[in-house]
Amino acid sequence: MNRLRASAAALLATVMVLAGAAALRPTPADAAPAGLPGMDVSSWQGNVNWSAAWNNGARFAYVKATEGTGYTNPYFAQQYNGSYNVGMIRGAYHFALPDRSSGATQANWFVDHGGGWSRDGRTLPGALDIEYNPYGATCYGLSQSGMRNWITSFVNQYRARTGRWATIYTTTDWWRTCTGNYSGFAATNPLWIARYAGTVGTLPAGWPVYSFWQWSSSGILPGDQNVWNGSLDRLRVLACDGPC
């Protein structure tokens, strides 16, 4: 009986380890959520094979352009133009560093280095990537009101420069922690939510639905795996800011 119990315990432990390992793996491609498939890339992906990504179903891409006011993606031209040339609807994104300079200053850096917008039916509004600080304090040393003011400064300046409201990329947890779950941007700024799970979960306050969902860090497409919450025609409406 003791041997049987030990064997059973060992088997159970093995199953638990395997189950835990499976939980850590990216969601498989065949479990992708409903929506139009797309991707986001940065310098980590280098030169992207855009034809292969298109053939694997990607119809849109967000490409990192800038970070703070001192960084530009060295692969930006290949990624931004390459996605466009194969037929994708594409946009640029800016990684925010709110402890380095004002929102308006970083919006200008973004627009001046690839983050602009044109009414060509194939260019998405620029995105503000506002999330956990990879270099220090989670909220970049700002209070919740200070963070709200910083984001307001960025999106207002971006709109002044381009005529568009920026998409906001974030997680629900970071948004709650660092903005106090502020709902004031939901009426104007599309939401790009990041959550690596089988369901999108609770969204930040004010947004009844998400526009984009980054649901895995890897899969059949280069970079992060995303879906647009709608049809290709509706994505074109966002790109055009109305009918093209």
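Taken together, the values in this text are just the output of simple stated rules run on the coordinates, not laboratory data. Just so it is clear, the model here is predicted, and its values are computed rather than measured. Virtual Cβ from ideal backbone geometry, glycine too; neighbours counted across all protein chains shown.
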Quick one: what pairs do we get from segment 102-113, first residue more than 16 Å from R148 (Cβ to Cβ), second part of a helix (DSSP H, G or I) and of a type outside the set (A, V, I, L, M), C-beta under 6 Å, 6+ apart or different chains? V111/R161
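Table: residues versus (1) within 19 Å of T138 (Cβ to Cβ); (2) touching a Leu at 6+ places or on another chain (Cβ under 7 Å); (3) not hydroxyl-bearing (S, T, Y).
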{"position": "Y169", "(1), (2), (3)": "yes, yes, no"}
{"position": "N181", "(1), (2), (3)": "yes, no, yes"}
{"position": "L191", "(1), (2), (3)": "no, yes, yes"}
{"position": "A194", "(1), (2), (3)": "yes, no, yes"}
{"position": "T199", "(1), (2), (3)": "no, no, no"}
{"position": "W207", "(1), (2), (3)": "no, yes, yes"}
Can you tell me which condition Y80 does not meet? The list is (1) farther than 23 Å from Q106 by Cα; (2) crowded, with 19+ Cβ neighbours inside 10 Å, and all the others hold. (1)
Determine which single condition A187 fails, assuming it passes every other condition in (1) in a loop (DSSP other than H, G, I, E, B); (2) under 18 Å from the mean Cα position of the chain (by Cα). (2)
Which ones in segment 112-133 are of a type in the set (A, V, I, L, M, F, W, C) and either under 18 Å from S83 (Cβ atoms) or over 18 Å from the mean Cα position of the chain (by Cα) (or both)? W117, L124, A127
S217, sole failed condition from (1) under 21 Å from R164 (Cβ atoms); (2) loosely packed, with under 14 Cβ neighbours inside 10 Å: (1)
Can you pull out every residue in segment 134-171 that is closer than 24 Å to V209 by Cβ and either in a loop (DSSP other than H, G, I, E, B) or among the basic types (K, R) (or both)? R148, R159, G163, R164, W165, A166, T171
Which of the residues that make up segment 30-63 are in contact (Cβ under 8 Å) with a residue 60 or more places away in the chain, closer than 24 Å to T105 by Cβ and not aromatic (F, W, Y)? D40, S42
Of all residues being assigned to a helix (DSSP H, G or I) and in contact (Cβ under 8 Å) with a residue 60 or more places away in the chain in segment 200-244, which is farthest from the chain's Cα centre (by Cα)? Just the residue, please. C240
Of all residues in segment 81-99 being in a loop (DSSP other than H, G, I, E, B) and touching a helix residue (DSSP H, G or I) at 6+ places or on another chain (Cβ under 8 Å), the one that is nearest to Q144 (Cα to Cα): P98
